Amino acid sequence: MSDDFETTVRDAFTDRFGADEETAAAAAEKAAAYRNEEDEDLTAEAFLDAVEATDDYDGFAHRYDLAIGDLAAENEDCTDSRAYRLAGFDDLAADPDIGA
């Protein structure tokens, strides 16, 4: 089930959004993880529609990250989308002593 989702979005990332193969594969893997862990009912087409609806001013990776953030914000069960973003965690977020 996840393999079809991952393959569909990976192919669309290159064909529809111009991502290079390496970036498309990484994004598809993270998108599939998001689906498996946070939103099992998410379809490939709904995910691709979310990517389509975002601003592409800074290339595919930024567009993907915006889409995953938007989907996570709409999902009350997902409290942190950084694990599913290509940008991942920044240096500050990785320090468990910040804010303590």
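The values are calculated or read from the model by the stated rules, or taken from the named source; none is laboratory data. Here the structure is a predicted model, which means the values were calculated and not measured. Here the Cβ is made from the backbone with ideal geometry for all residues, glycine too, and neighbour counts use every protein chain on show.
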Check: Across region 1-48, which residue is nearest to the chain's Cα centre (by Cα) among those that are farther than 11 Å from Tyr64 by Cα and among the hydroxyl-bearing types (Ser, Thr, Tyr)?
Finding: Tyr34
Checklist line | Selection count where residues are assigned to a helix (DSSP H, G or I) and surrounded by fewer than 17 Cβ atoms within 10 Å (Cβ to Cβ), scope region 27-42 | finding: 4
Notebook entry, point to check: Among the residues of region 56-71, is any modelled with pLDDT under 95 and touching a His at 6+ places or on another chain (Cβ under 8 Å)?
Noted result: yes
Next item on the list: With the checklist (1) assigned to a helix (DSSP H, G or I); (2) surrounded by 15 or more Cβ atoms within 10 Å (Cβ to Cβ); (3) modelled with pLDDT of 95 or more in hand, flag the one item Ala19 doesn't pass.
Entry: (1)
Check: Can you pull out the residues in region 49-90 that are part of a loop (DSSP other than H, G, I, E, B), under 9 Å from the mean Cα position of the chain (by Cα) and of a type in the set (Ser, Thr, Tyr)?
Finding: Ser81
Check: Got a number for residues in region 60-89 being under 16 Å from Ala25 (Cβ atoms) and not charged (D, E, K, R)?
Finding: 7
Margin query: Residues to consider are Thr7, Thr14; find the one that is touching a helix residue (DSSP H, G or I) at 6+ places or on another chain (Cβ under 6 Å) and either free of Cβ contacts under 8 Å to residues at least 12 places away in the same chain or hydroxyl-bearing (Ser, Thr, Tyr) (or both).
Written below: Thr14
Notebook entry, point to check: Do we have any residue at all in region 26-39 that's hydrophobic (A, V, I, L, M, F, W, C), out of contact with any Leu (no Cβ under 8 Å at 6 or more places or on another chain) and at pLDDT below 90?
Noted result: no
